[in-house]
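Undergrad: Below are the structure tokens for one structure; questions will follow.
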Amino acid sequence: MKPRFSNATAIGVAGAGTMGSGIALVAAAAGHSVVLFDSFPGAIDRARAAHAGTYQKLIEKGKITADESTAILSRIVYTDQPKDLVDSGLIIEAIVEDLGVKQSLFTTLETIVSDPCVLASNTSSLSVTSIGGELRLPSRFLGIHFFNPATLMPLVEIIPGLQSDTELVNDVRALINSWGKTTVLVKDTPGFIVNRVARPFYGESIRIFEEGWLDVPEGAAGMATIDWALREHGGFRMGPFELMDLIGNDINYTVTETVWKQFYNDPRYRPSLTQKRMVEAKRYGRKSGAGYYDYAAGAVLPEPDKDPVRAARILHRVLSMLINEAADACYFKIASPADIDLAMTKGVNYPKGLLRWCDELGAAQVVKELEALREEYSEERYRPSVLLKRMAREGLKFHA
């Protein structure tokens, strides 16, 4: 039987923003001809210029030759016409996180491409089943979630919808692996692995800041104090506030709100008014020049209050919430323990897998921390996972 995909398979990418442009480069670098489509005025010209600039820098750093750059970029066709995607064997959508807009795009694409063409969404938090539910052939649809920047981040979440053909999903996973990526298979639930499990990194940190817990300073100095605690005592590459500013507070807030709504307003995912006000003020982070921190020319970043005892308590509170979320994802079979840990280390650069971290601390210690928070606040936000309580009671570990 002829393989579904090969180097001769043409790859279409719909959406020429940061993510779509990155996916196009990944596919082109893997040897595929690529059609990058975006109907938004100026988007294609910006993507073409960004690609040229990226590869010029790589040439200057000696990481690629001019001939290699020319060969890769020559495989990309830039277009504002959806009809140019007609010969694609796989199309990956990377447009705005809006269910209706995505459904409209895919129903249009179905009228253009052949029946064997595989359609995929790069959605980070919407239901794959729901997006594909409007299609004439939903069995050829699935989620392929890259992480930003797509050219550098190794993780890709593969998300079958309820209607997705199993053999097709396996073929797509093999293709993305052949591009040098690390894939994990994930159940179609809100936030998948990473954007579900990572929510407390942001939400609980904001809660600590809002409360002024343990006399955390007000203002930017308090944010810097929490960032420092998680970097220096937890080993995270970036603290939550600086990371939200890098991601974009508009994007991070939208993901949080989407996950919260899709979990029927579960308090564990409740968005923060602090972050909402940032979005309302258009303080999106680095890209707008201001977010939780000021990025204007000459601006001085605040100094953290480096109290090691408080830092350790901040870490334990946030980490317990993260571990609880990872354990619940395991309990509901969103993915295997190995894939959950792999996703968090490869997708968001956590210093170690959360379930392995739990094994080191002991499930009983994590449950004790969560129960203390639940007693203090009387909120279901802090309820321990059923699996975590069971493991604490029986002295079990996630990894042998």
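Undergrad: Determine how many Å³ per residue the convex hull of the Cα atoms of segment 113-169 encloses. Kindly include the intermediate steps, with their values, before the conclusion.
TA: Working: hull volume 5.0 nm³, N = 57.
Taking the convex hull of the Cα positions in segment 113-169, it is 88 Å³ per residue.
Undergrad: Give, to the nearest whole percent, the P(r) tail of segment 296-351 beyond 19 angstrom, counting all Cα pairs. Intermediate values should be presented prior to the final figure.
TA: Values: 781 of 1540 pairs.
Tail of P(r) above 19 Å: 51 percent of Cα pairs.
Undergrad: Go through segment 302-400 and name the chymotrypsin sites (Phe, Trp or Tyr not before Pro) that are in a DSSP coil and have 14 or fewer other Cβ atoms within 10 Å of their Cβ. Intermediate values should be presented prior to the final figure.
TA: Details: sites: 331, 332, 357, 377, 382, 398; in loops: 332, 398.
Listed in order of number, the matching sites are 332.
Undergrad: Output needed: percent of Cα pairs per 5 Å distance bin for segment 104-203, bins running from 0 to the one holding the longest distance.
TA: Pair shares across the bins are 2, 13, 24, 22, 20, 12, 5, 1, 0.
Undergrad: Here are some pairs, 102/181; 57/102; 261/389; 2/187; which of them have Cα atoms lying more than 32 Å apart in this structure? Could the numbers behind the result be given before it?
TA: Numbers: 102/181 25 Å; 57/102 34 Å; 261/389 26 Å; 2/187 28 Å.
Flagged as over cut-off: 57/102.
Undergrad: Quick one: work out the % antiparallel among DSSP beta bridges in segment 36-163, nearest 5.
TA: On the way: 5 of 14 bridges.
Once the DSSP bridges in segment 36-163 are tallied, antiparallel ones form about 35 percent.
Undergrad: Around residue 284, what is the net charge, scoring Lys/Arg as +1 and Asp/Glu as -1 over all other residues with Cβ under 10 Å from its Cβ?
TA: Around residue 284, the charge tally is +2.
Undergrad: While we're looking at this one, here's another question. Report Rg(Cα)/(2.2 N^0.38 Å) for the chain, keeping two decimals.
TA: On the way: Rg = 21.9 Å, N = 400, 2.2 N^0.38 = 21.4 Å.
Taking the Cα Rg and dividing by 2.2 N^0.38 Å, one obtains 1.02.
Undergrad: Please give the net charge around residue 357, taking every other residue with its beta carbon less than 12 angstrom from that of residue 357, where Lys and Arg add +1 and Asp and Glu add -1.
TA: Details: positive: 352, 356, 397; negative: 341, 359, 360.
My count for the surroundings of residue 357 gives 0.
Undergrad: Let me ask another. Only bridges with both residues in the chain count here: give the DSSP antiparallel percent, nearest 5. Walk me through the numbers on the way to the answer.
TA: Details: 7 of 30 bridges.
Looking only at bridges with both residues in the chain, the antiparallel portion is about 25 percent.
Undergrad: Could you tally the net charge around residue 239, taking each other residue with its Cβ under 12 Å from the Cβ of residue 239, Lys/Arg +1 and Asp/Glu -1? Walk me through the intermediate numbers first.
TA: Details: positive: 231, 237; negative: 227, 232, 242, 245.
Around residue 239, the charge tally is -2.
Undergrad: Which helices pass in the chain if a helix is a full DSSP H run, must span at least 24 angstrom along its long axis by Cα, and must have mean Kyte-Doolittle hydropathy not below -0.5?
TA: Span-like helices, by this rule, are 43-60, 308-331.
Undergrad: Express the Stokes-Einstein translational diffusion coefficient of segment 207-317 in µm² s⁻¹, to the nearest whole number, given a Kirkwood radius over alpha-carbon pairs, 25 °C and a viscosity of 0.890 mPa s.
TA: Values: Rh = 14.6 Å.
Value of D from the Cα-based Kirkwood radius: 168 µm²/s.
Undergrad: Moving to a separate point now. I want the antiparallel fraction of DSSP beta bridges within segment 78-231, as a percent rounded to 5.
TA: 30
Undergrad: Same structure, new question: At a 1.4 Å probe radius, which order do 209, 146 fall into by accessible area, largest first? Intermediate values should be presented prior to the final figure.
TA: Working: 209 35, 146 0 Å².
Per-residue accessible area, sorted high to low, gives 209, 146.
Undergrad: Report, by chain and number, residues whose modeled amide H sits under 5 Å from the one on residue 143, excluding near sequence neighbours (fewer than 5 apart, same chain).
TA: 121, 159, 161
Undergrad: Further, regarding this structure: Using only the alpha carbons of segment 1-102, determine the length spanned along each of the three principal axes and report them from longest to shortest in whole angstroms.
TA: So the extents along the principal axes, rounded to whole Å, are 43, 41, 20.
Undergrad: Starting from the 7 Å offset along Cα-to-Cβ, what nm value, one decimal, do you get for the label separation of residue 59 and residue 396?
TA: For residue 59 paired with residue 396, the spin-label model returns 5.7 nm.
The values are calculated or read from the model by the stated rules, or taken from the named source; none is laboratory data. This is a predicted model, so every value here is computed, not measured. Backbone-built Cβ (ideal geometry, glycine too); neighbour counts: all protein chains shown. The protein model used for the area step is the full one, side chains on, heavy atoms only, and it has no ligands, DNA or RNA in it. Shrake-Rupley method; radii C 1.70, N 1.55, O 1.52, S 1.80 Å.
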